[in-house]
Structures are given as C-alpha cells and as structure tokens.
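The values are calculated or read from the model by the stated rules, or taken from the named source; none is laboratory data. This is a predicted model, so every value here is computed, not measured. Here the Cβ positions follow ideal geometry from the backbone for every residue, glycine too, while neighbour counts run over all protein chains shown.
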Amino acid sequence: MAIKVLIVDDSATARAVLRDILESDPAIEVVGVAYDAYIARDKILELRPDVVCLDVEMPRMDGITFLKRLMHYMPVPVIMVSSLTQNGAKTTLEALESGAVDFVPKPHSNIYDGKSEMRDELLAKVKIAAKIKVHKRELENTRQANTTSLAETTNKILAIGASTGGTEALKDLLMGLPRNAPGIVIVQHMPANFTGPFAERLNSVCAMEIREARNGDSITPGVALIAPGDYHMVVRRSGSRYYVEIGTGDKVSGHRPSVDVLFGSVSKIVGANAIGVILTGMGGDGARGLLAMRNAGARTIGQDEASCVVYGMPKVAYDLGAVEKQLSLKEIANGILKLL
C-alpha cells in the first residue's frame, strides 16, 4: 500500500515541486495539499495521511504553532520542509523540538533549481517517517538540566554521533550530564547554517557550555563541540592538549560531517581514554568508526531500538560488534557517568 502524504505549504510553486518529487516514486501517493494550517487540519481529519510535509511560514497560523497542536491532538509523522537561512534553521530546530521527526532543507534560491538535489533526501525521509510511531506530546514541556558534579576527568573524551532524531536525543543526553563532564565532540548530520543555532539552543538548556566547533578549539572538561555543517571534524593532539581540526574533503559514509571520520580519529588519538556513543539515525555512518574505537580500548554505548526515532546507525554498529552496552536514551547519561 502506498504511503499517503499531505503537503502543507503556502507557496503554490513549492507545493507543485514537492508533489512532482513525491509522485515520481510509486511507493508514495500525495493525497492532498493545503496552503494553510486550517485547511491542513481539515484534510488530516478527512484523509488520514501517513506523513505530513510541512512548511514553517504560513498565513493565519505559523507552522510551529500548528505542529504543536497537531502533536498534542492527533500525532502524525511530520517532515519540515524549510529554508536553509539562519532564521529558517532556528525555526526548523524548534519544530524538531516540538515533535517533527525530520527536515528537508529548501534550496537557497529557486526551488526548481534544487529539485533534483532535494529528491533523494525527501523520498528517503518520507519512507522512514511513515514507519515511525509518534506519540502525543504535551503543549508545554519543561525539563531541568543535571546539576550534579564529577571528579576531575581531564584525560577523558566523549565522542557522540547522531542523525535522524538526533537533535532531541542529544538534548536529552546532554541535559543529563553535569557541568564538569569530560570534553565532548559531536557530529550531528546537519547542513551549514543549522549547527550554530542548534548549539545555541542546547547551550541555553544544558549545564555544560555547548558551541559550534572552530578550527583549533581545545577539548576541555565542561565544553561540548559540535562539528559545523558541511565540514568534517577530527581530534588531534599536541602534547597533553587535545583539540579539533575542521576541514573539507569528500563525503564519508555519505555525509560531511561524518561520524566515521570523527570516531576514526578518536580511536587513533585518544584510544582507551575515550567513550563513544552512537545515537538514533538513518544509515550506517559511525558504525565502523565506533568499532575502531572499541578495538582501541574505548568504552562504547549504542542507543537501543525502542528509544530510537530510526534504529539505523546504532543497529549497524551493534551488528558489527562495535557496541559494548546498548541502553535506552534515558539511561545513556547515567551509563556514561558510571563508566567515568
């Protein structure tokens, strides 16, 4: 049976392009389109789509407000299709926090120019989203960051990799770590312009300092560095100082930044003084790197299937023998603290 998709976008051009892309795959059926939230609400009730492709900027009710209400009253997998601009990135991150399962960035200029670029990503993410069981969310959701303390852990480094579903998984994990946790290096699959606002959002709710990595940044306790979008990040060492190096290069495992690139460098430079964590995500990026870390003596953790949005990357890592402990998302922070 075909996956039923509803397109919600105030731009007639965008609706036409998205319909063309989605209907090019026989496994997907576009059951309807809507140009604002009120029409979308009625069509969701009538058509019961499996997935909703939702724009952020719409008349009468913005996409974020509509998404929050949808997740509360009638949860359905939602993919945000939004701009790559700085404001678009911030709003998309708010949407992921509010219950959207993933996002596909619109091209900078004419959407027709980026149609072929969007196609494979949009089709793949719609198919993944259709398999995800979303749950009712409260309209207001507040959480407290961990304020406990650790003994000095200056010689340890925590490396984390994530993809689809990772923005919220990382938030939950990092909120469970104390202010003086060991230095952390993170790859979350994201395009340029998204990682900066993402780091800012995490920094506002977590006990640690969290920022987008810059070339040469030292890896120090209490600081988490997130690889900038479209750049690889590796760990280097000079004497007793660990630092990150940011660079371009070919995509690895289909991604830039790549978790495999980060984990591979950690296995060589940090060895047994590292802890590796692989979180929810589509595909297999990070699995071989995590195996290299484990073979070098590092401790490794994988997110379990039940708590993953997409049990892809952790599953491949587990099947390779790279995962020492498999834990639910709620257990991972404490699992790290026990290893320390």
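(1) of a type outside the set (A, V, I, L, M); (2) in contact with a His (Cβ under 9 Å, 6 or more places away or on another chain); (3) at positive phi; (4) surrounded by 19 or more Cβ atoms within 10 Å (Cβ to Cβ): which one isn't true of His189, the others all being true?
So the condition that His189 fails would be (3).
Name the residue that is farthest from the chain's Cα centre (by Cα), counting only residues in segment 322-332 that are surrounded by 20 or more Cβ atoms within 10 Å (Cβ to Cβ) and part of a helix (DSSP H, G or I).
Ranking the candidates gives Ile332 first.
Determine which member of the set Ser253, Ser307, Ser267, Ser328 is within 18 Å of Val185 (Cα to Cα) and among the polar types (S, T, N, Q).
The match here is Ser267.
When you look at Thr153, is it polar (S, T, N, Q), under 30 Å from Ser265 (Cα atoms), at pLDDT 80 or above and buried (at least 16 other Cβ atoms within 10 Å of the Cβ), yes or no?
Answer is no for this residue.
Which residues, counting only those in segment 307-321, are among the hydrophobic types (A, V, I, L, M, F, W, C) and closer than 14 Å to Lys131 by Cβ?
Answer for segment 307-321, where residues must be among the hydrophobic types (A, V, I, L, M, F, W, C) and closer than 14 Å to Lys131 by Cβ: Cys308, Val309, Val310.
Residue check: is Ala100 at pLDDT below 65, within 21 Å of Glu200 (Cβ to Cβ) and in a loop (DSSP other than H, G, I, E, B)?
So Ala100 does not fit the description; no.
Restrict the check to segment 264-274 and report whether at least one residue is surrounded by 18 or more Cβ atoms within 10 Å (Cβ to Cβ), of a type outside the set (Asp, Glu) and not in a helix (DSSP H, G or I).
Within segment 264-274, one or more residues are surrounded by 18 or more Cβ atoms within 10 Å (Cβ to Cβ), of a type outside the set (Asp, Glu) and not in a helix (DSSP H, G or I).
Looking only at segment 8-27, how many residues end up being more than 17 Å from Asp62 (Cβ to Cβ) and in contact with a helix residue (DSSP H, G or I) (Cβ under 8 Å, 6 or more places away or on another chain)?
Matching residues across segment 8-27 total 8.
How many residues are buried (at least 18 other Cβ atoms within 10 Å of the Cβ) and part of a strand (DSSP E or B) when one looks only at segment 220-242?
Number satisfying all stated conditions: 9.
Across segment 37-61, which residue is nearest to the chain's Cα centre (by Cα) among those that are under 24 Å from Ile21 (Cα atoms), charged (D, E, K, R) and modelled with pLDDT under 90?
Among them, the one singled out is Asp55.
I'd like to know if segment 282-293 contains one or more residues that are in a loop (DSSP other than H, G, I, E, B), under 23 Å from Asn215 (Cα atoms) and out of contact with any Lys or Arg (no Cβ under 6 Å at 6 or more places or on another chain).
Yes: one or more hits.
Return yes or no: is Leu279 in contact with a Leu (Cβ under 9 Å, 6 or more places away or on another chain), surrounded by fewer than 21 Cβ atoms within 10 Å (Cβ to Cβ) and either of a type in the set (A, V, I, L, M) or modelled with pLDDT under 95 (or both)?
No; evaluated as a whole, the condition is false for this residue.
Tell me the residue from Asp319, Asp250 that is surrounded by fewer than 20 Cβ atoms within 10 Å (Cβ to Cβ) and assigned to a helix (DSSP H, G or I), please.
Asp319
Collect the residues in segment 297-311 that are surrounded by fewer than 21 Cβ atoms within 10 Å (Cβ to Cβ) and more than 19 Å from Pro182 (Cα to Cα), keeping them in residue-number order.
Asp304, Glu305, Ala306, Ser307, Tyr311
Could we say that Asn146 is surrounded by fewer than 23 Cβ atoms within 10 Å (Cβ to Cβ), out of contact with any Pro (no Cβ under 8 Å at 6 or more places or on another chain), modelled with pLDDT under 90 and among the polar types (S, T, N, Q) here?
No, not satisfied.
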